[in-house]
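Structure first, commentary second.
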Amino acid sequence: MPIPESKEKYTYADYLTWPEEERWEIIDGVPYMQAAPSTVHQEILMEISRQIANHLKDKSCKVYPAPFCVRLTKGDEISNEDIKKVVEPDITIVCDKSKVDEKGCNGAPDMIVEIISPSSIKTDRIIKFNMYEKVGVKEYWIVEPEVKIVSVFVLQENGRYGRQEVYSEEDQITLNIIPDLTINLKLVFTGI
């Protein structure tokens, strides 16, 4: 939910001044406060992160579970005041070490996973989908805990996400960006 506007557009410079215990995102200069995640949300986040992290041990790609700041820059931003897209995805994979600094990721990560909650459906399915596609996130997953499905979108050569692939709790998903890594959804959705 966006906060009432008292300023025309907010930037990463503003984000840096906000309380660390609060989770905020800025999408096209509009700030959105993140709701505290549910227990189910956290269990799913931890299991997917665990499977990815176990596989990526001693490899160049790294996984970062939330909270992890991603500045979706195009490369022409000169200062923090120029950055108007700041997100905290549930799970982020970055394979280019030059994009990672002490504040998080600067530029499009290779993969993002968002776990939908009732308050984030529109943001995750429409606003972030379009934004992630536009900035070049290679693979985007939307996890829906209530129905135990995962939608996978892969960036095509034309810069657009291709047809979504949908997986259920009985399936395994092979990551497009890391073809030797498969996520077992039975483990992800167990006990939910």
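The values are calculated or read from the model by the stated rules, or taken from the named source; none is laboratory data. As the structure is a computational prediction, the values presented were derived from the model and not from experiment. Glycine also receives a Cβ, built like all others from the backbone with ideal geometry; neighbour counts cover every protein chain displayed. Areas reflect the complete protein model, heavy atoms only, side chains present, ligands, DNA and RNA absent. Shrake-Rupley method; radii C 1.70, N 1.55, O 1.52, S 1.80 Å.
Selection of the range 100-115 for residues being at negative phi and part of a loop (DSSP other than H, G, I, E, B) yields Glu102, Lys103, Ala108, Pro109, Asp110. Scanning the range 22-33 for residues that are free of Cβ contacts under 8 Å to residues at least 60 places away in the same chain, part of a loop (DSSP other than H, G, I, E, B) and surrounded by 15 or more Cβ atoms within 10 Å (Cβ to Cβ) yields a count of 1.
Reported count of residues in the range 127-149, each being open to solvent by less than 30 Å² (accessible area, probe 1.4 Å) and either within 14 Å of the chain's Cα centre (by Cα) or under 15 Å from Ile93 (Cβ atoms) (or both), is 11.
Have a look at Pro89, Pro118 and point out the one that is in a loop (DSSP other than H, G, I, E, B), in contact with a Pro (Cβ under 9 Å, 6 or more places away or on another chain) and not aliphatic (A, V, I, L, M).
On the way: Pro118 fails: in contact with a Pro (Cβ under 9 Å, 6 or more places away or on another chain).
From the options Pro89, Pro118, the qualifying one is Pro89.
Selection of first residues in the range 98-118 that are among the charged types (D, E, K, R) and of second residues that are open to solvent by 40 Å² or more (accessible area, probe 1.4 Å) and part of a strand (DSSP E or B), restricted to Cβ pairs under 7 Å at least 6 apart or on distinct chains, gives the following pairs, ordered by first then second residue: Lys99/Asn106.
Counting just the residues of the range 45-74 that are part of a helix (DSSP H, G or I) and among the charged types (D, E, K, R), which one comes out most open to solvent (accessible area, probe 1.4 Å)?
First, the residues of the range 45-74 that are part of a helix (DSSP H, G or I): 45-56.
Of the ones still in play, those that are also among the charged types (D, E, K, R) are 47, 50.
Numbers: Glu47: 31, Arg50: 103 Å².
This residue is Arg50.
Out of all the residues in the range 178-191, which are surrounded by fewer than 17 Cβ atoms within 10 Å (Cβ to Cβ) and either among the hydrophobic types (A, V, I, L, M, F, W, C) or modelled with pLDDT of 95 or more (or both)? Pro179, Asp180, Thr182, Asn184, Lys186, Leu187 - these are the residues of the range 178-191 that are surrounded by fewer than 17 Cβ atoms within 10 Å (Cβ to Cβ) and either among the hydrophobic types (A, V, I, L, M, F, W, C) or modelled with pLDDT of 95 or more (or both).
Give the residue that is nearest to Arg71 (Cα to Cα), with candidates limited to residues of the range 9-21 that are assigned to a loop (DSSP other than H, G, I, E, B) and open to solvent by 30 Å² or more (accessible area, probe 1.4 Å). Walk me through how you get there before you give the answer.
Of the residues in the range 9-21, the ones assigned to a loop (DSSP other than H, G, I, E, B) are 9-11, 16-21.
Within this subset, residues satisfying the condition of being open to solvent by 30 Å² or more (accessible area, probe 1.4 Å) are 9, 16-21.
On the way: Lys9: 16, Leu16: 12, Thr17: 15, Trp18: 16, Pro19: 18, Glu20: 16, Glu21: 19 Å.
Restricting to residues being assigned to a loop (DSSP other than H, G, I, E, B) and open to solvent by 30 Å² or more (accessible area, probe 1.4 Å), the top hit is Leu16.
Restricting attention to the range 75-106 and to residues that are open to solvent by 60 Å² or more (accessible area, probe 1.4 Å) and touching a Gly at 6+ places or on another chain (Cβ under 9 Å), the residue that is modelled with the lowest pLDDT turns out to be Gly75.
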